[in-house]
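One structure is given below, encoded as structure tokens.
Derivation of every value follows stated rules applied to the coordinates shown; laboratory data play no part. In this text, all values refer to a predicted model and were calculated from it rather than measured experimentally. Cβ placement follows ideal geometry from the backbone for every residue including glycine, while neighbour counts extend to all protein chains displayed.
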Amino acid sequence: MTSSAIASMTGFARVQGGNDIYSWVWEVKSVNGRGLEIRFRGPQGFDSLEPDLRRRLKERLHRGNVNVSLSLRKLSPQAQVRVDEVFLERLAGLCDRLCQDYDVAPPRADGLLALRGVLAVQEEDEDEAIRQVTESALMDDFDQALGKLEQARLDEGRRMAELLQGHMDRITQIVAAAEQLEATRPEAMRTRLRQLVHQLLEASAGELQEDRLSQEAALLVSKADVREELDRLKAHVAASQELLTGGGAVGRRLDFLCQEFNREANTLCSKSPDPELTTLGLDLKATVDQLRELVQNIE
């Protein structure tokens, strides 16, 4: 995987191969997962491939649930035909006696050979050198399948990166719009503070000191100040952009940033002193949800 691209955890690859003795098909499929989980399904007698297969997968993939299957078919079975001479001799003697006793036609040779137990087909043991050559060819084709899987995940990752960038741009637009609102500007906050103190003084009819009322009002206004949340949102966007540009296995870090985006969006909505800002906060939450859904499938 190149460091300049992100990869999806979703992909599929299929490679066919063979030699003079076998034909085979590798299929490798991956979907999203918290870590790297590998399952191998292959023909009986080829379990020895699994340790090397797992090692190669772990060297090139970081996350995803990966299912690997190998289908194998023998082209020209090397078999020997063995005749049970003792059994056949007994059958022939029995047939002769039946022919004499019951005056029936003697059996044909193909009829005797068709009886169960007369013929036995036994495959020859495979030469160890041939077995090693076959396994080497199998793993070469597995590497091809793994390369195709990586490319499929990278292709999907590029498409996802474009969507992710769109969501990042939307978050940037929302933050910029929020900063332009009158309710988030310092002069508007000062005006609101003066109005609040004046209203409290009138309501208390002089029973409360103006300094104490000013302190309480300032505390209320500071709790409604969302500029810090907007600054953090811009910082999270910058961090996300850096991860997307750097590429590699960034899914976990992007997922963490999505949690931070969501936290700031919730705080923005809860502190909002203005209906327009609340609307922007809800739009932000919807965008973050879409962003996080995508991030769940990034390696």
Along segment 168-181, Karplus-curve 3J(HN,Hα) (6.51, -1.76, 1.60; θ = phi - 60°) to the nearest Hz, with x for Gly and Pro, reads 4, 4, 5, 4, 4, 5, 5, 4, 4, 5, 5, 5, 7, 5
Once residue 95 and residue 21 are pulled to full extension, the length gained, defined as 0.36 nm per residue separation minus their Cα-Cα distance, is 22.5 nm
Karplus-derived 3J(HN,Hα) from phi for segment 271-284 (6.51 cos²θ - 1.76 cosθ + 1.60, θ = phi - 60°), whole Hz, x at Gly and Pro, runs 8, 4, x, 9, x, 5, 5, 4, 4, 5, x, 5, 5, 4
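Fewest Cβ neighbours within 10 Å first, please rank 258, 95 accordingly.
Numbers: 258 21, 95 15.
Arranged by neighbour count, lowest to highest, 258, 95 become 95, 258.
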Which residues qualify? For residue 64, with a placed amide H closer than 5 Å and at least 5 residues away or on another chain, they are 33, 35, 36, 37
The distance between the Cα centres of segment 269-292 and segment 43-103, in whole Å, is 65
Contact order relative to length for segment 79-123, counting C-alpha pairs under 8 Å separated by 6 or more residues, stands in percent at 66
At R0 = 30 Å the Cβ-Cβ FRET efficiency linking residue 172 and residue 252, nearest 0.05, sits at 0.80
